[in-house]
Each structure stands twice: as C-alpha cells, then as structure tokens.
Amino acid sequence: MKAAVITFPGSNCDRDLAVAFEKAGAQVSRVWHKDAALPAGTDIVAIPGGFSFGDYLRCGAIAAQSPVAAAIKAHAERGGYVLGICNGFQVLTETGLLPGALMRNAGLKFICKSLVLSVATSDSAFTSLWAKGDRITLPIAHHDGNYVIDAEGLQRLKAEDRIAFTYADNPNGSLDSIAGVLSANRRVLGMMPHPERMVETRQGGTDGSVLFRSLMSAMALARDTTA
C-alpha cells in the first residue's frame, strides 16, 4: 500500500501518522501542501492532526484551498481512499468530501486525554478488523471537535451505516456522540480521535494499530481479487 501523508503549515501529527503507516507495512510519501499532484500510485491520502494555517478563519478552511486539496478531491472522486484525523477531519468537511462540520467543544476548552470509543460499523476498509460494538481506547486532542449535521444528514448517515465511531462518554457535545464518519462510498473516513498515537505499547496501547492493519488487509484483498 502506498500512503501519501500531507503536511500543512501547522500540522503536528504528520510524522506520527507516517510512522503508523510504516509500522503497518505501507510505503509512505510525504507531500507538502503546495504540491499540485500526489505521488504516482497513491492508494490512500492521509491528512494529519494539528492546526493547519493556525486555524485562522475556521479550522481546516484555508487548508481546503491549498493546491494539494484539488488533488485529494480528485483522488477521492476516482475511488481512492482518504483518512483525515482531527484537523484532517475538519479539512475533509471543509472540502465537502464529508458531510457536517466541526464546531467548538461544548465546554469551550481544549481537551487532551484518552477515551473509550465504540466501533459503530465494521463495514469499511478502515474498521473491518474490528467487530461492530467493540470498545477501543484512543486519545483525543482538540478544541473544535463538536460534530454537527442537520437532521436529514444525520438520518442519512444512520440509514447508510456511515457512522464509524462514537464516544462512550461524549467529551465535546458531538451530535449523537459521533467521533468519526464515512463517505457515501465508504472510502473516506474522518475521525477526531488519534489512532496514530496508539500504535505501540509505549504509547499506552495498540488499539490504533488495528485501523492501519485493517487498511493493509483491505488493500491486499483488493489486489488479490483483481489479479
């Protein structure tokens, strides 16, 4: 699997994300936000956490206008995989690749701690190595992680089984405790928790590694069926 990890001014989890992919066995390329094209053969684009462009205007709003954003959208429209974590999730909503928006936390404070999540669906390349309802622990670190969407959009997410993760104890006011959502074709995932910060025991646990291994398994299966 070839992964392209994007770096914006203000990204601070890009190296962590690259290392997580590498530990899962992926070939990783680092891509600067001014690049207008992705590396040839890219399977998945990963947009890391941080504070792209200092979160001026809105979180992720300026990043969504960067030259690389057009390449990411084209990749997604071709059926390519995209993973956005924390600020990356915000970027994906700003580009329109995912529905809804991320607003300021209900408590108006930055939250940084590990939380228990529930895997809401196993029907995606990102979550297939879990079972629906599995409880996992991942850290969060955000000020604007309150996921909102209109009633019609929420109904659609539920009907199409596109809620990927929910919080066991809602930390930020997110509607229906949503922690991550999938695109209509299930190939774009945005999530506020950080799986890349929980991939080895010295980080406090390895629950996050399952997501990256799940992606590797899905890519290998796809290649086997098309060979």
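The values are calculated or read from the model by the stated rules, or taken from the named source; none is laboratory data. Keep in mind it's a predicted model, so treat the numbers as computed, not measured. Note that we place each Cβ from the backbone using ideal geometry, even for glycine, and neighbour counts take in every protein chain shown. We work out accessible area using only protein heavy atoms, side chains counted, and drop any ligands, DNA or RNA first. Shrake-Rupley method; radii C 1.70, N 1.55, O 1.52, S 1.80 Å.
Among the residues making up the range 180-210, those that are closer than 14 Å to ALA125 by Cα, in contact with a helix residue (DSSP H, G or I) (Cβ under 8 Å, 6 or more places away or on another chain) and among the polar types (S, T, N, Q) are SER183, SER209. Filtered by the rule that a residue be under 17 Å from TYR81 (Cβ atoms) and in contact (Cβ under 8 Å) with a residue 60 or more places away in the chain, the range 116-129 gives THR121, ASP123, SER124, ALA125, PHE126, THR127, SER128, LEU129.
Please enumerate the residues belonging to the range 120-171 that are in a loop (DSSP other than H, G, I, E, B) and of a type in the set (S, T, N, Q). Reasoning before the result, please.
Start the filter on the range 120-171 by keeping residues that are in a loop (DSSP other than H, G, I, E, B), which leaves 120-134, 143-145, 149-150, 160-162, 168-171.
Matches in the range 120-171: THR121, SER122, SER124, THR127, SER128, ASN170.
Residues that are surrounded by 17 or more Cβ atoms within 10 Å (Cβ to Cβ) and assigned to a helix (DSSP H, G or I) within the range 74-110 comprise HIS75, ALA76, ASN87, GLY88, PHE89, GLN90, VAL91, LEU92, THR93, GLU94, THR95, listed in sequence order. Note on the range 44-60: residues that are open to solvent by less than 10 Å² (accessible area, probe 1.4 Å) and part of a loop (DSSP other than H, G, I, E, B) total 3. When the range 184-215 is filtered for residues that are buried (at least 18 other Cβ atoms within 10 Å of the Cβ) and either hydrophobic (A, V, I, L, M, F, W, C) or over 22 Å from ALA26 (Cα atoms) (or both), the ones remaining, listed by number, are VAL188, LEU189, MET191, MET192, MET198, VAL199, VAL210, LEU211, PHE212, LEU215. Across the range 10-42, what is the number of residues that are open to solvent by less than 30 Å² (accessible area, probe 1.4 Å) and of a type in the set (Val, Ile, Thr)? So the count comes out to 2. Take ALA3 and decide whether it is open to solvent by 30 Å² or more (accessible area, probe 1.4 Å), touching a residue at least 12 places away in the same chain (Cβ under 8 Å), farther than 30 Å from ASP150 by Cβ and not in a helix (DSSP H, G or I). Here the answer is no, as ALA3 does not meet what is asked.
Would you point out which residue out of VAL148, VAL91 is β-branched (Val, Ile, Thr) and touching a Leu at 6+ places or on another chain (Cβ under 6 Å)? Reasoning before the result, please.
Details: VAL91 fails: touching a Leu at 6+ places or on another chain (Cβ under 6 Å).
None of the others qualify; the one that does is VAL148.
From the residues in the range 172-183 that are among the small types (Gly, Ala, Ser) and part of a loop (DSSP other than H, G, I, E, B), which one is most open to solvent (accessible area, probe 1.4 Å)? Restricting to residues being among the small types (Gly, Ala, Ser) and part of a loop (DSSP other than H, G, I, E, B), the top hit is GLY173. Contact annotation: no residue pair with Cβ atoms under 6 Å, 6 or more positions apart or on different chains, pairs a residue in the range 191-210 that is free of Cβ contacts under 8 Å to residues at least 40 places away in the same chain and among the basic types (Lys, Arg) with a partner that is open to solvent by less than 20 Å² (accessible area, probe 1.4 Å) and assigned to a strand (DSSP E or B).
Only residues that are under 12 Å from LEU211 (Cα atoms) and open to solvent by less than 20 Å² (accessible area, probe 1.4 Å) were counted in the range 120-164, giving 7.
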